[in-house]
Amino acid sequence: MNKLWTSIFLTAAAVLLLLFFSNDFGLIDIQETAIVVAIGIDTAEEGEGYDVTAQIAVPSSTGSGSAGNVTVKNAQTVGEAISELNHETGWYPTLVHCKLILLGEAVTETDVFRVLDYFLRNDAVEDSCLVAACAGTARETLQAQSPVNDISASAIAKVLSSEAQETGLVSVTILKDFAIGYYSVGKSGFLPYISVQGEAESQGGGGAAPTAEIDAAEECAWLPSLKRNRWWKPKRQPLPIAAPVSSESGSQGGADSGASGKSGSADVFQASETMLFYEGKQVALLSPEETLAYNLAATDTDFAYGSVTAEQDGQETVYNLKMKIGKKKRSLTFENGMPVFTFTVRANARLADTDRASAILEVAKTQIADDAILRAAEKKFEQELSSAISKAAAAGCDLFGIKQRLYRYRYREYAAFQDSVLTAAQVHYDIRFTSLK
Amino acid sequence: MERIKVRQLCFYFVAMMPVAKLLVYPATLTYQSKNDLLLSAFVNCLAEGAIVALVMLLAKKSGKSLFALLENTFGNITAKIVYGVFALFFFASALLPFMEHKNFVLQVMYENVPSIISFAPFFFVCFFACVKGFKSIGRMADISLPIFIVAFAVLILLAFPHADFAALLPLQGASAGEVLRGSLFSANWYTEAAFLLFFLGHFEYEKRASVKVIASYAIGSAAVLLFLAVFYGVFSDIAIRQQNAVAQISKYTTSFTSLGRVDYLFIFAIALVMIFRLCVPAQMCVHCLCKSFGCKPMLPAAAVNILLLALTVFFNYSFLELQTLFTQRLWFLFALFAYALPAAALLLKRRGAHE
């Protein structure tokens, strides 16, 4: 091959490689794509199947994003609902940016992987997206209006952020981890349980309920940029918010906004409770205190606040402690042929606040918590941990990975104890709180 | 055209050999060997490492090409036939990696499902490499080494904090039969010894060349084992669904939430090295055809690449069947050509009748 051909080949190879890697021919027309940021799944209100709500981000020329919700009703599967979304709205739904899957309470009463397996089968959704259960329906939760964020999915994602996990207030789960738990020997998992709590009315609040259906034409008012866009063909490809209420196929599409009301009530999302699952079904609910104890003992939480009551100078006083976990360990051993599960926790605590006025010297020495407070904290921690493990064991949920430890580290005993280890294991607590002296 | 240096062989084993095992191989291995995938992979690495050592011993003792050795032992016609048979083997062994890589590119790098033609440019690159011969493999190895080291290290470091290595326990959670089956059914990913056999006589055996090549092979194998351990640590019981493993392991780093998937930069870098590695069996096939028919590489290179493109299109919707065929049915062919025949090459006459 002469030099000319070599040069031609090299140039052609370079250009073609560029095209090969750059996805140059696969550009997405943003005007025709529904960017789904959250999916809510409920059991059908009427009939069988599921009501699937997609929260769709709407880009705005002002830079402040907003979102609209589209609900496809009575879909037999989540996949069918996503397809239907395309039929109903004319927009092609892209799930790449879906960061939240919200399960309505009723869905959690049956095996949730009846609906979640769609996201495992479909690589269009990253398995790093958050999964949560919610009180009531996912549709209503996604319609709630956060006072700090226009898009409710973003507000929920903030509540479930890794920072929140590190402070122990919520137990965050992503789809991958939840699926691993489900398919593991323990067949268990947990999801943060989100509830919407109505807060103070914002200024000029008109009292519009968060779940109110809003007229489609009225909603278009918050989409000036899209209305102005001449490339958008409203008849052929209607906006999701203009989706018809019903269709001939029998499925129904509802449309509402998660962000349309700039006035009215603002809602706060709480996720301090944790729903426990066994074989995909909800089996128990951990209280906020139990959730904190679980996080301190078993998850990435290293830093948290908690309150304890201790007696000082003959008076019951509430102390708010700032805790830093130095060491946490769970181990499964066998004593006299029976399983023993041991929690080892070492934490440093300092006073953050009390419920009584203190002398200035006491305020100055806030880094020091005296022994009575530390022992009270240890006792409280042990109580909450004990309560969490009992609740989980009674429900068959391998929340603390006892069965998994049995399988991994004590495989010989696995066959004998696989069905009983959760209830048969004796639990030891080796919890020590220290403070600066 | 057909010369390669020992240094480049070493770089090949360190950088290009592991990338072929970073896509479908980990999930396939998990399917057979479950959490004992490392044992299966270790068996393969050990067996192939032994064959690599034997081939290097042959290189030390003879310094001749395989064709010359065959010619000495069986005559010219037989040597051409053997090369023709190996050409078929290399062609077959190129097909599954091509399909793997095509799926990887189309699934990971494209937002929507693109046309299969998006993968076609690869065949121009492969054609060019086939025409250029072994020298291009050496150059590709030179380029691949720094790219691979940086990209692989970053991806592993990003994935490491999310890996739970206890998921690999209990040891022997899978039965010995499952572990062995995992090894045998992944034979199609272990064809490097056959490649080395055809490099015989095309590199100058220098002092301690065997040690260098075997050490390089060990480093490449260690990289594969490390990747498998991290992969299973990250995905545990759902590892089996993770096709395109290299694109999956590093995506859970939380800092990406604000920056986006920065790891894609390194995945692209690995994909580039994969392209180089994909060309190698096709290049071997063309080399064998040239020797068999005594022709220049242009025509065989064109024919091989057109055929591979046609088969890639033909099997576009049959990857699973093709994978099952190659892994579960034809594993013995890979074992024969990549393990048994290279080892048997030691029995060939090292001196010709006239020497």
>> Looking at A:Gln165 and the list (1) of a type in the set (S, T, N, Q); (2) part of a loop (DSSP other than H, G, I, E, B); (3) modelled with pLDDT under 85, which single condition is not satisfied?
In response: (2)
>> Just to check your reading of the model, which residue among A:Ala155, A:Ala179 is farther than 19 Å from A:Val52 by Cα, more than 14 Å from chain B (Cβ to nearest Cβ) and not in a loop (DSSP other than H, G, I, E, B)?
In response: A:Ala155
> So which helices (runs of 4 or more DSSP H) are wholly in region B:35-150 and hold at least 2 residues that are at pLDDT 95 or above and in contact with a helix residue (DSSP H, G or I) (Cβ under 9 Å, 6 or more places away or on another chain)?
Replying inline: B:37-62, B:76-108
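Take A:Ala132 and decide whether it is in contact with a Phe, Trp or Tyr (Cβ under 9 Å, 6 or more places away or on another chain) and surrounded by 22 or more Cβ atoms within 10 Å (Cβ to Cβ).
Yes: the conditions hold for A:Ala132.
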> Is it the case that some residue within region A:369-391 is out of contact with any Gly (no Cβ under 7 Å at 6 or more places or on another chain), among the aliphatic types (A, V, I, L, M) and not in a helix (DSSP H, G or I)?
Replying inline: yes
> So which of B:Leu196, B:Leu155, B:Leu168 is in contact with an Asp or Glu (Cβ under 7 Å, 6 or more places away or on another chain) and on the phi < 0 side of the Ramachandran plot?
Replying inline: B:Leu155
> Right, B:Gly182: out of contact with any strand residue (DSSP E or B) (no Cβ under 9 Å at 6 or more places or on another chain) and part of a helix (DSSP H, G or I) or not?
Replying inline: yes
> In this structure, does B:Phe227 turn out to be closer than 30 Å to B:Ile306 by Cβ and aromatic (Phe, Trp, Tyr)?
Replying inline: no
> Going by the conditions given, is A:Leu385 touching a strand residue (DSSP E or B) at 6+ places or on another chain (Cβ under 7 Å) and either surrounded by 15 or more Cβ atoms within 10 Å (Cβ to Cβ) or farther than 18 Å from A:Val283 by Cα (or both)?
Replying inline: yes
> Which pairs do you get when a residue that is more than 9 Å from chain B (Cβ to nearest Cβ) and part of a loop (DSSP other than H, G, I, E, B), found in region A:398-414, comes within reach of a residue that is of a type in the set (Val, Ile, Thr) and crowded, with 22+ Cβ neighbours inside 10 Å, reach meaning Cβ atoms under 8 angstrom, with the pair 6+ apart or on two chains?
Replying inline: A:Leu399/A:Ile389; A:Phe400/A:Ile389
> Any idea which of B:Arg350, B:Arg329 is more than 30 Å from B:Phe152 (Cα to Cα), in contact (Cβ under 8 Å) with a residue 12 or more places away in the chain and surrounded by fewer than 17 Cβ atoms within 10 Å (Cβ to Cβ)?
Replying inline: B:Arg350
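Residues checked against (1) within 14 Å of chain A (Cβ to nearest Cβ); (2) over 22 Å from B:Gln248 (Cα atoms); (3) surrounded by 17 or more Cβ atoms within 10 Å (Cβ to Cβ); (4) not hydrophobic (A, V, I, L, M, F, W, C):
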position	(1), (2), (3), (4)
B:Ala167	yes, no, yes, no
B:Gln172	yes, yes, no, yes
B:Arg181	no, yes, yes, yes
B:Leu184	no, yes, yes, no
B:Tyr190	no, yes, yes, yes
B:Glu206	no, yes, no, yes
B:Ser216	no, yes, yes, yes
B:Phe227	no, no, yes, no
B:Val230	no, no, yes, no
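The values are calculated or read from the model by the stated rules, or taken from the named source; none is laboratory data. Values in this document were obtained by computation on a predicted structure and should not be read as measured data. Positions of Cβ are backbone-derived with ideal geometry, glycine not excepted, and every protein chain shown enters the neighbour counts.
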